[in-house]
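Asker: Got a structure here, written out as structure tokens. Questions coming.
The values are calculated or read from the model by the stated rules, or taken from the named source; none is laboratory data. Keep in mind it's a predicted model, so treat the numbers as computed, not measured. Using ideal geometry, Cβ is built from the backbone for each residue, glycine included, and neighbour counts are taken over all protein chains shown.
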Amino acid sequence: MAAPLRQFMIIFAHEHFDFRLSEVTSILSLLHIKAEVCQQNHDAKQSPFLMLKFPNEESVHKYMTRSILGRTVMEVLAHGPTRASVCEQLKALPAAETSRYCSEENSFCWRVHSFGKKIKQDKRLDLIHQFMVNLPLKGRVDLENPDDLFYICEDYGPNPNSAPEEPFYVYVGRKVSEGQRYLAHQYSVKTRHFIGNTSMDAQLSLIMANQGGVKPNMFVFDPFVGTGSLLVAAAHFGGYVAGCDINVNTIHGVGKSSRSFGKPRGEVTLRGNDENILANMRQYNLHDRYLDVMVSDFALNVWREQELFDVIVTDPPYGIREKTRKIGTNKHYDELEDQTLEGHIPSTMSYHLADIFKDLLNFSARYLRLHGRLVYWLPVVNAEYSDDHIPQHPCLKVIANSEQKINMTISRRLITMEKYQSMQNINPLDQVEAEIKTRTYEGSNAIRKIYFPNNSGCQSHNKSLPLT
Amino acid sequence: MADPTVTVNEMKIREVDFNPEFISRMIPRIEWKALYEAALSLDVVGNLSPELITDYEKDEDFLKEAHRVLMEVEVIKGFLICPESGRKFPIENGIPNMLLNEGEVGDGPAQSEALQEDDSMQ
């Protein structure tokens, strides 16, 4: 008979709300942990506290090695809608439980974590005393390096201006582990050698790697690799990485240096030898997992058809900051004598968003291993959006869909799809191609003309989120 | 010997940590014959086996040679050559350029709608 699940609580960062439950599900899945979310109707905007049941503490530690949005996890000792009820629960804990942390040798410390209200220092000390007396603690207090750190978490709701006198809910717990939020600083694009104006921020890159289920020794591919931000995150979690991009200059790190935007002309420098994707990976000591990058047009497939990649993660161009291009022209060209024409950069033409996403799904259906995942950003027009907008393919199913607002009119959604059947299983007579039910992405500049309604090329509202 | 599939003007051997699990996972996804021919073209065959052996997962020497050729040999400047068409794809700074030229793509002019709207973007 299986041991009963134990109750824990994750304290989340108060951001990227729509990504929270997807993060939980993707981490539990990739680490094969059987845990249960206790509050199925958890609303991330309302509270940073999420209770889950795990089989044991070891699985919690394992979970937190991949946690980007989850900051801290604690074992729940008591929880309830009033302080009094929580104190009663603490008093009633059996000795078999409390002996784990109440012995004379166990040093301890208490902290108050309040959401939605600032609690003054003296009031916090009162609170700590109020709860602490209900546990038979015998050890000494150690504020620097305690054996056990106890949390009192009080939830006053998401509006500090109208916070109630008493909390809506109280949790008391013992800290078990911390998440990997520091990685977002470690891999911050602010300190990365080689960036472009569409480089994905480190936190979202890591979230995408989790959504893709990246594990050590997996083969991870980005068909619109740009400056390689997604490859860095995948390599951090042990993936071996490769990418393609149509832009020769971006891949080679040619042109203005990564940080010359806004500098006067005299101070603009060109990119040096340390500004390319391999150099970025070397900066973080991940270069042993760099397989290769190629200059290649995604619309013109170069790969031998087989189930090659474990994960495909990508941020395709939306046509806002980056043109959506593929090789081709409407002009007639005389037969080119020597087709390698050294230095010749072929003309490009518009690559419609509908085709980009359909090509991406068709490619993924063919080139992903069975049960491999595709993770990509889909720009959407808020006023029009419905689930019909998500591109579909008979071999792929959507397993996550998280929204990040860009501005009033446009959002982007992080879509995770899993390949659940091979192309070979499909009857050749059936429809085996990707389709998009909506017409939003057809035509040139489908999203761009909504983002720049006056076709002015500049935003009337500034400080939107970085986007492609 | 067949025509070369890779030619090299500049090559580098870089040291990469040997990871037998990764190499074992990748071998079924590689066309071994093509790999061997490429190694011949580059003159880096060494002790690379001309055929895939059974139970390669357990053969560390085999895996180490596969690792050396796959991960440590890097063509910095050269060409990939299509064995069917002879088309050469240049490699610069270790990065192959697989772009086709305009004349090699499609059947000629695309929809005129695309041409007109093209110019609306800077």
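Asker: For region A:45-63, give me each residue that is surrounded by fewer than 19 Cβ atoms within 10 Å (Cβ to Cβ) and among the aliphatic types (A, V, I, L, M).
Answerer: Listed by number, the list holds a single entry, A:MET51.
Asker: What's the total number of residues in region A:83-137 that are of a type in the set (S, T, N, Q), over 27 Å from A:ALA163 (Cα atoms) and without any contact (Cβ under 8 Å) to a residue 40 or more places away in the chain?
Answerer: Adding up the residues that qualify gives 3.
Asker: Scan region A:440-449 and give yes if some residue there is more than 14 Å from every other protein chain (Cβ to nearest Cβ) and either modelled with pLDDT of 90 or more or over 16 Å from A:PRO316 (Cβ atoms) (or both), otherwise no.
Answerer: There is no residue in region A:440-449 that is more than 14 Å from every other protein chain (Cβ to nearest Cβ) and either modelled with pLDDT of 90 or more or over 16 Å from A:PRO316 (Cβ atoms) (or both).
Asker: Return the total of residues in region B:36-95 being more than 14 Å from chain A (Cβ to nearest Cβ) and basic (Lys, Arg).
Answerer: The qualifying residues number 2.
Asker: Go through (1) within 14 Å of chain A (Cβ to nearest Cβ); (2) farther than 30 Å from A:VAL248 by Cβ; (3) modelled with pLDDT under 90 one by one and return the number of the condition B:THR5 breaks.
Answerer: The single condition B:THR5 does not satisfy is (2).
Asker: Would you be able to tell me the number of residues in region A:1-15 that are surrounded by 20 or more Cβ atoms within 10 Å (Cβ to Cβ) and modelled with pLDDT under 95?
Answerer: Selection size over region A:1-15: 0.
Asker: From A:LYS405, A:LYS331, A:LYS358, which residue is under 26 Å from the mean Cα position of the chain (by Cα), loosely packed, with under 14 Cβ neighbours inside 10 Å and modelled with pLDDT under 95?
Answerer: Of the residues listed, the single one that is under 26 Å from the mean Cα position of the chain (by Cα), loosely packed, with under 14 Cβ neighbours inside 10 Å and modelled with pLDDT under 95 is A:LYS405.
Asker: Hey, could you check region A:277-296 for residues that are part of a helix (DSSP H, G or I) and of a type in the set (S, T, N, Q) and say which is farthest from the other protein chains (Cβ to nearest Cβ)?
Answerer: A:GLN283
Asker: Still on this structure: Among (1) touching a Leu at 6+ places or on another chain (Cβ under 9 Å); (2) within 12 Å of another protein chain (Cβ to nearest Cβ), which single condition is B:PHE22 missing?
Answerer: Every listed condition holds for B:PHE22 apart from (1).
Asker: Just need a number here: residues in region A:120-162 that are hydrophobic (A, V, I, L, M, F, W, C) and more than 22 Å from A:THR72 (Cβ to Cβ).
Answerer: 1
Asker: So which helices (runs of 4 or more DSSP H) are wholly in region A:169-241 and hold at least 1 residues that are surrounded by fewer than 21 Cβ atoms within 10 Å (Cβ to Cβ)?
Answerer: Of the helices (runs of 4 or more DSSP H) lying wholly inside region A:169-241, those with at least 1 residues that are surrounded by fewer than 21 Cβ atoms within 10 Å (Cβ to Cβ) span A:182-186.
Asker: Also, quick follow-up: Condition first: buried (at least 17 other Cβ atoms within 10 Å of the Cβ) and in contact with a strand residue (DSSP E or B) (Cβ under 8 Å, 6 or more places away or on another chain). Now tell me which residues in region B:12-24 satisfy that.
Answerer: The answer is B:PHE22, and nothing else.
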